[in-house]
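Written out below as structure tokens is the structure these notes cover.
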Amino acid sequence: MKSLRQILVLALSLTVALPQVPSRAQSAPQQPPPPPAQSDAQLRIRVNSNLVVLPVTVKDGAGNLVPDLHKDEFRIFEDNVEQNIDVFSADSFPLSMVVLIDNDLKQKDADEVESSLKSIIAGMSANDEAFICRFDQFFHPGKGFTNDQDKLLTELKRTHLDEQTSAPATSASVTNGPSINGHSATSDAPNINGGLIAIKGQPTKALDDAVYDSAQLLHDRGRDRRKIILLVSDGVNGGKKVNTNPYDNVVKELLRENAAVYSVAVSSAFLERKLSRLVDYAHDSGGDIYFAARRSSLEKLYSQVTEEARTQYTLAYVPRGTNRNLESHNVEVRVKREGLNIKTRDKYYSGAVGGANP
């Protein structure tokens, strides 16, 4: 029979011999998943600054996206000279999106837009980013680009559309501190409704300036991202008396930044036929326009916009055989398959060939 001393020695030897398994608390911290690898097309676009990059949307006669086209089915012409397609991709590109919300809406439209805004987030993927902005007489930028959906929801909830508000918001910042005449006593930020940004109907509004400023916000977003402006508006514009940027200059800025406008027209815009600015910006920037008759339409349209923008074909080429001394160049994209509709920008400005900084 073994003595107590022998039992203790045996137990100790077994303890030393067994491998030490770390407890859950001692285990190595989990590493975050690596970012998704860029496709070859995205890398080539990012590296080659001489490329002219054309996002191209193709739809059939019923308005459905056509996803099965190949490189040899496309042709590109610059100033009537056919170009070689150096980069072709049908891959999804992440979005950098400025959400530009019209402050100056009729009460019915304002209520429908306000209740639909959170649906914008539902159409975003994990790699997309958005910048929430608004406009009336002035442009009111939010807190910057983010892909944090909780932060975006907070930004959208802070946007309170109310035609009856007695004073316009004059800054994108708000405070809950003491105020004098509606402004903070300790900073330049307005004190509005306990922290909500108040959106008030204005007698006039600067739609052109707002689109111009939105395009500038996209300037430093990567060339490997799809840059869009989601414009939710009734299309009313104050003209030269309110805007400092004429329409042609705004379009030039959009094309320089390779930014496409996707206009979502609220119901009164369609009923009152005040659509020209929304249609023109969408057409001239290579974007699209959607018409919303009610709140449920708005919620569906946001997802359609992001799906269309993210799943465009990407065609890119180095210009050959055209006059490089010209400031602007006309572009035409054709597809061999019959019965399809093509949307892309129809010109670009040299000096910012790729449309963005790397």
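The values are calculated or read from the model by the stated rules, or taken from the named source; none is laboratory data. These figures come from a predicted structure and were not determined experimentally. Please note: Cβ atoms are built from the backbone with ideal geometry, for glycine as well, and neighbour counts cover all protein chains shown. To get the accessible areas, we keep the full protein, side chains included, count just its heavy atoms, and leave off ligands, DNA and RNA. Shrake-Rupley method; radii C 1.70, N 1.55, O 1.52, S 1.80 Å.
For ASP234, tell me the accessible area in Å² from a 1.4 Å probe, rounded to the nearest 10.
About 10 Å², rounded to the nearest 10.
Any chance you could list P(r) for the range 66-109, counting all Cα-Cα pairs in 5 angstrom bins from zero, rounded to whole %?
For the range 66-109, the binned pair fractions read 5, 12, 15, 12, 11, 11, 9, 9, 9, 6, 1 percent.
Rank LYS240, LYS118 by accessible area, highest first, at a 1.4 Å probe radius?
Ranked from most to least accessible, the order is LYS240, LYS118.
With all protein chains present, calculate the accessible area of LYS274 using a 1.4 Å probe and round the result to the nearest 10 Å².
90
Mind grabbing the accessible area of SER96 for me, 1.4 Å probe, Å², rounded to tens?
Accessible surface of SER96 is approximately 0 Å².
Using the Kirkwood formula over every pair of different C-alpha atoms, what hydrodynamic radius in Å results for the range 116-161?
Over the range 116-161, the inverse of the mean reciprocal pair distance is 11.1 Å.
Give, rounded to the nearest 20 debye, the magnitude of the charge dipole that the range 203-259 has about its Cα centre when Lys and Arg contribute +1 at Cβ and Asp and Glu contribute -1 at Cβ.
120
If a paramagnetic tag sat 7 Å from the Cα of ASP346 along the Cα-Cβ line, which residues of the range 225-254 would have the backbone N under 20 Å from that point?
Answer for this model: 247-254.
Using only the alpha-carbon atoms of the range 228-309, report the extent along each of the three principal axes, biggest first, to the nearest angstrom.
35, 28, 15
Let me spell out the model: positive unit charges on the Cβ of Lys and Arg, negative unit charges on the Cβ of Asp and Glu, origin at the Cα centre of the range 238-281. What dipole size does that give, in debye rounded to 20?
180
Which value, in debye to the nearest 20, gives the size of the charge dipole of the range 103-160 about its Cα centre, when Lys and Arg are +1 and Asp and Glu are -1 at the Cβ?
For this selection, approximately 120 debye.
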